[in-house]
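The values are calculated or read from the model by the stated rules, or taken from the named source; none is laboratory data. This structure is a prediction, so every number in the text was calculated from the model and none was measured. Reconstructed Cβ throughout: ideal geometry from the backbone, glycine too, with neighbour counts over all protein chains shown. In case anyone asks, the SASA skips ligands and DNA or RNA and just uses the protein heavy atoms, side chains included. Shrake-Rupley method; radii C 1.70, N 1.55, O 1.52, S 1.80 Å.
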Amino acid sequence: MKVLVTGHHGYIGSVVVPTLAAAGHEVVGLDAYLYRGCDLFPGPEPRAEFTVDVRDVEPSQLEDFDAVVHLAALSNDPLGALDRDLTLDVNLRGTVRLARAAREAGVRRFLFASSCAMYGAAVDELVDESAPLRPLTAYAESKVRAEEALVDLADDDFAPVILRNATAYGISPRLRLDLVLNNLVGWASATGRVRILSDGTPWRPVVHVEDIARALLPTLSAPPELVSGEAFNVGADDENYQVRDLAEIVAETVPGSVIEYAGSGDPDPRSYRVDFRKLRRAFPELRPEWTARAGAAELHDAYRDAGLGADAFDGDRYIRLKRLQLLLARGELRPDLRRAA
């Protein structure tokens, strides 16, 4: 298939591109390159790419594509706190504009990277795709509303598929340190302290970035009647952890590290345990290959090899919010986060 990957230069996109290419797909990238120069190490690039904001894509740019994998977004809760309307503009209105352009251009499959964050506060039992959605942040709200809009666009010729990813972790050429396991391992590797900023009780499902990429493969080629308008949680049932459990794994993985409660100690209202059986039923051959423990070891080795220090948490290279704030302060971005002329 000829596949357009939006956000191909990001944390997940940098892993998705080679995964799709290795499966034989022709991959083209589309990215605004807000995080250019923020690499941990050089990553693979698609053979062709568009440098454009996802909010400005035209149908003519999407002609001849079989599918769109839509990853581009303001990608976490702190970015949503920067400006709620900007998050809705990019993640909701940008997604809807892109999907409409894709449908007009004759694209038949549209894979949308959504998030389990939309379950909000749901710790009494495992929640599946039919559970009530309780978004607690602008980021989660943007995903909920984008999902609703995409389902409304589905027809016999256009199949949107919603992939609600658990919290990502793992090594990518474009590292992020604002993800829970990446962050915990980073602090432990750099300082010997596993820093917990809540009371440690919130539940999070986690999934390796490579397993996110692999989940795209069967959903790209599945019959439309199996996937069109459907949401799938992406992860594994036994990879639901409380943050303090992840911290214990990290402390056991990074020699000499100790757990430190460094925040206010208040509970985080965002807490959810997720049921991933629907994805397994639809695609029984698809099994996550990573666990949080193996991922923590991978991260520690990579951080050590890269010489990552504590200054990485104060700088803008690996923390998305700090990077955008720097570009805004320099005048390289307009207030709407488009590139300044």
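Side notes on the structure shown:
- Annotation: Val69 fulfils all but one of (1) of a type in the set (Val, Ile, Thr); (2) in contact with a helix residue (DSSP H, G or I) (Cβ under 8 Å, 6 or more places away or on another chain); (3) more than 24 Å from Glu26 (Cβ to Cβ); the unmet one is (3).
- Scanning region 12-44 for residues that are touching a strand residue (DSSP E or B) at 6+ places or on another chain (Cβ under 7 Å) and within 13 Å of Arg174 (Cα to Cα) gives Ile12, Gly13, Val16, Val17, Tyr33.
- Hits in region 245-286 - residues which are without any contact (Cβ under 8 Å) to a residue 12 or more places away in the chain and either on the phi > 0 side of the Ramachandran plot or within 21 Å of the chain's Cα centre (by Cα) (or both): Arg280
- Matching residues in region 39-58 - criterion: being over 20 Å from Asn91 (Cβ atoms) and either surrounded by 15 or more Cβ atoms within 10 Å (Cβ to Cβ) or aliphatic (A, V, I, L, M) (or both): Asp39, Leu40, Gly43, Glu45, Pro46, Ala48, Glu49
- Filtered residue count, region 59-100, keeping only those that are closer than 19 Å to Glu148 by Cα and not in a helix (DSSP H, G or I): 8
- Single condition Asp238 does not satisfy, out of (1) within 24 Å of Gly120 (Cβ to Cβ); (2) outside any helix (DSSP H, G or I); (3) not small (Gly, Ala, Ser): (2)
- Any hit, region 294-316, residues being under 20 Å from the mean Cα position of the chain (by Cα) and within 22 Å of Thr51 (Cα to Cα): yes
- Qualifying residue in region 180-195 (condition: of a type in the set (A, V, I, L, M), within 14 Å of the chain's Cα centre (by Cα) and assigned to a loop (DSSP other than H, G, I, E, B)): no
- Taking (1) among the basic types (Lys, Arg); (2) open to solvent by 20 Å² or more (accessible area, probe 1.4 Å); (3) in contact with a strand residue (DSSP E or B) (Cβ under 6 Å, 6 or more places away or on another chain); (4) modelled with pLDDT of 95 or more in turn, Arg108 satisfies each apart from (3).
- Just one of the listed residues (Lys322, Lys278) is surrounded by 13 or more Cβ atoms within 10 Å (Cβ to Cβ), under 30 Å from Arg55 (Cβ atoms) and basic (Lys, Arg), and it is Lys322.
- Within region 185-204, the residues that satisfy the criterion of being open to solvent by less than 10 Å² (accessible area, probe 1.4 Å) and touching a Lys or Arg at 6+ places or on another chain (Cβ under 7 Å) are Ile196, Gly200, Pro202.
- One residue stands out in region 123-144 among those that are more than 19 Å from the chain's Cα centre (by Cα) and open to solvent by less than 30 Å² (accessible area, probe 1.4 Å): the one that is farthest from Ser271 (Cα to Cα), namely Ala131.
- Scan of region 318-341 for residues that are touching a residue at least 24 places away in the same chain (Cβ under 8 Å) and part of a loop (DSSP other than H, G, I, E, B), ordered by number: Tyr318, Ile319, Asp336, Leu337, Arg338
- All positions within region 279-307 that are part of a loop (DSSP other than H, G, I, E, B) and either out of contact with any Ser or Thr (no Cβ under 8 Å at 6 or more places or on another chain) or at pLDDT below 95 (or both): Pro284, Glu285, Leu286, Arg287, Pro288, Glu289, Trp290, Thr291, Gly307
- Residue in region 18-28 that is surrounded by 21 or more Cβ atoms within 10 Å (Cβ to Cβ), in a helix (DSSP H, G or I), in contact with a Leu (Cβ under 6 Å, 6 or more places away or on another chain) and in contact (Cβ under 8 Å) with a residue 40 or more places away in the chain present: no
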